[in-house]
């Protein structure tokens, strides 16, 4: 006799879970065989989730570098000069050289497309930067044909108290669109371990609750796996706003980082 506690169908659970930072679900595989149950025993399959909120210790900013010139070579030189200024500004705000990454500068059609995408973000902040007196990195010259160059600089800031200083330095260097940072943990192992312990404790508690309601007792753990489909709809109801933020992609915009671990635990139960 088998009692199975179902989550959402795997086809629904896996795509939704894929976008949740801190929660990784490996593709479910065919059922793993376990030791056969004895006569009168019942198999209980449960899913559980543990989550921990930790203050971020790393902020990452990606600064777009856009330039124009009469030729591709001229546009590239302009972009390289702008990248030099941005890198120097980051260093002046206390960012180490190893935390400043300059991505390759592209020219031609690829650069034009990248510039158009970056311009969408820049336009939203243009008025605010103008009021503060910041100038665009490399403004276009109206009425003149031009070539385009585009690049990016990724800046990782490990002292979050320096974020206002870094933003001011970048604006002074001509960064026309300093984005909001993406916050992360430089090492999430401790948070993940704590979340895993919470999930295990929750699974045990769930098993005891089901056993009590059915007039049974938990005998042993049959299987533990992180290759599970999670009942995300139910989790959204129980976790509330925090889970909805994770699902909507807002996670990472706040320095409060949620690390989640989902697992499945199977138990053998028997009558009391």
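Every number here is computed from the coordinates shown, using simple stated rules; none is lab data. What you see is a predicted model; the values in this text were computed from it and never measured. FYI the Cβ positions are ideal-geometry reconstructions off the backbone, even for glycines, and counts take in every protein chain you see.
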For the residue 227, residue 43 Cβ pair and Förster radius 22 Å, calculated FRET efficiency rounded to 0.05 is 0.80
Determine, for 107, 225, the number of other Cβ atoms within 10 Å of each Cβ, and report the residues in order from fewest to most. 225, 107
Residue separation between residue 103 and residue 272 times 0.36 nm, minus their alpha-carbon distance, gives in nm 54.3 nm
Computed label-point distance, nm, for sites residue 180 and residue 53 using a 7 Å Cα→Cβ extension: 1.7 nm
What ranking do 196-206, 214-224, 58-68 get when scored by the average of other Cβ atoms within 10 Å per residue, highest first? 58-68, 196-206, 214-224
Would you mind calculating the gained length between residue 197 and residue 172 on full extension (0.36 nm times residue separation, minus the Cα-Cα distance), in nm to one decimal? 4.3 nm
